[in-house]
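The values are calculated or read from the model by the stated rules, or taken from the named source; none is laboratory data. Because the structure is a prediction, the values reported are computed rather than measured. Every residue, glycine as well, gets a Cβ built from its backbone with ideal geometry; the counts of neighbours run over all protein chains shown.
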Amino acid sequence: MSRFLRGLNAIAYSGALLFSAFGFTTAAHAADDWPTKPITIIVPASPGGATDIVSRLLAEKMQEDFGEAVVVENKAGAAGIIGTQQLTRAKPDGYTLIMGNIGPNAINYHMYEDLPYTRDDFAPISMVLSVPNVLVVNKNTEVDSVQGLVDLLHSEPESFAFGSSGLGQSPHLSAELFMLRTDTDAVHVPFKGAGPAATALLGEQFLFMIDNLPSSISHIKSGDFKALAVTSEERIEQLPEVPTLREEGIDMDVTAWFGLLAPEGTPDDRIEKISNSVQKAMQDDSFNEKIKAMGGIDVTDLTTPDSFGKYIDDQIKLWEETIKAANIERS
């Protein structure tokens with residue numbers, strides 16, 4: 001090979017190395033800079049419910065952390081299926097997330113024959129909130145205790161109705177389990193979210209509801225709802241005078257949980273960044289005070305992708321057993 005050609009080869013090789021190094025540096029820099037545009041958190045429920053409330057609280061803190069807008073988008077309907085399916089169609093780049101919860105991401109797998117998604121479609125990021133449910137009736141209802149409600153349901157079988165935030169959601173299954181444990185029955189009236197369900201109970205459209213605490217606590221505090229019992233193992237600080245169902249002789253404990261998920265295939269480094277942002281929010285005093293006011297239970301041990309993923313798998317198994325015991329047929 002001539003000296004001239006060798007010189008050209010050397011120049012080309014050096015250029016290739018320089019281009020490669022520049023490309024690597026640019027890619028690494030881009031990864032470090034993520035996010036560079038707004039992030040969307042899908043809420044598979046209507047405004048006003050626990051899923052919506054906690055999503056907006058977290059979005060505010062994530063926006064402060066990342067310096068990019070974090071938009072909450074409500075996609076209610078079909079027991080959370082509509083919003084959840086939307087996430088599976090999103091590009092797995094970390095810019096579209098969902099506030100998953102006990103309904104669409106645990107219960108639904110055993111409530112529906114043909115779900116348009118599977119557990120494997122989601123990459124767990126972090127638990128955000130876990131709350132007890134609360135058994136409530138309208139302030140004008142004649143009953144003032146769990147036993148009073150049970151007696152009323154027994155007095156006129158199948159004459160009453162109960163409401164919920166949607167078919168297959170935690171409030172629905174909690175009420176079904178309550179009736180199973182008390183040998184009572186009532187007609188289920190599902191709504192598109194906790195907000196509409198609470199509004200219906202305010203209007204006395206049904207007898208009782210076992211709701212997520214965050215979406216009913218303001219109505220309890222105002223006196224519009226009477227809280228008969230909470231579904232947690234112990235009484236909660238926000239309603240210390242309200243007994244647990246176990247104290248009332250009913251063998252059931254239920255907590256509703258909410259956490260961030262991304263489409264499967266989302267890069268691990270972005271999953272980690274989002275998880276770290278959630279953990280940072282949980283270290284903020286103002287955020288914690290708001291979570292505490294919602295009746296939130298400490299979930300700091302479930303804020304990593306691995307721990308949250310294992311928890312979801314355990315919940316899927318738990319609700320499968322519950323649905324079978326309640327003889328609830330799949331839709």
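Scanning the stretch 111-129 for residues that are more than 24 Å from N327 (Cβ to Cβ) and without any contact (Cβ under 8 Å) to a residue 24 or more places away in the chain yields one hit, T118. Restricting the stretch 50-74 to residues that are of a type in the set (D, E, K, R) and modelled with pLDDT of 95 or more leaves a set whose member that is surrounded by the most Cβ atoms within 10 Å (Cβ to Cβ) is K61.
Please verify whether T266 is surrounded by fewer than 20 Cβ atoms within 10 Å (Cβ to Cβ) and modelled with pLDDT of 95 or more, treating the condition exactly as stated. Let's see the steps before the verdict.
Working: surrounded by fewer than 20 Cβ atoms within 10 Å (Cβ to Cβ): no; modelled with pLDDT of 95 or more: yes.
No: the conditions fail for T266.
What residue, among those in the stretch 193-231 that are polar (S, T, N, Q) and not in a helix (DSSP H, G or I), is nearest to T244 (Cα to Cα)? Looking at residues that are polar (S, T, N, Q) and not in a helix (DSSP H, G or I), I get T231. Checking every residue in the stretch 294-306 against the condition of being part of a helix (DSSP H, G or I) and at pLDDT 95 or above gives at least one match. All of (1) outside the structural domain of I41 (by TED's automatic domain parsing); (2) surrounded by 16 or more Cβ atoms within 10 Å (Cβ to Cβ); (3) in contact with a helix residue (DSSP H, G or I) (Cβ under 7 Å, 6 or more places away or on another chain) hold for F287 with one exception: (1). Scanning the stretch 149-174 for residues that are within 16 Å of the chain's Cα centre (by Cα) and either surrounded by fewer than 23 Cβ atoms within 10 Å (Cβ to Cβ) or acidic (D, E) (or both) returns a single hit, L167. The residues listed here are G77, G83; of these, the one that is over 17 Å from S126 (Cα atoms), surrounded by 19 or more Cβ atoms within 10 Å (Cβ to Cβ) and touching a residue at least 12 places away in the same chain (Cβ under 8 Å) is G83. It is to be established whether one or more residues within the stretch 146-160 are of a type in the set (G, A, S) and either in contact with a Leu (Cβ under 6 Å, 6 or more places away or on another chain) or within 30 Å of T300 (Cβ to Cβ) (or both). There is no residue in the stretch 146-160 that is of a type in the set (G, A, S) and either in contact with a Leu (Cβ under 6 Å, 6 or more places away or on another chain) or within 30 Å of T300 (Cβ to Cβ) (or both). The set of residues in the stretch 78-101 being assigned to a loop (DSSP other than H, G, I, E, B) and either aromatic (F, W, Y) or under 13 Å from T51 (Cα atoms) (or both) consists of Y95 alone.
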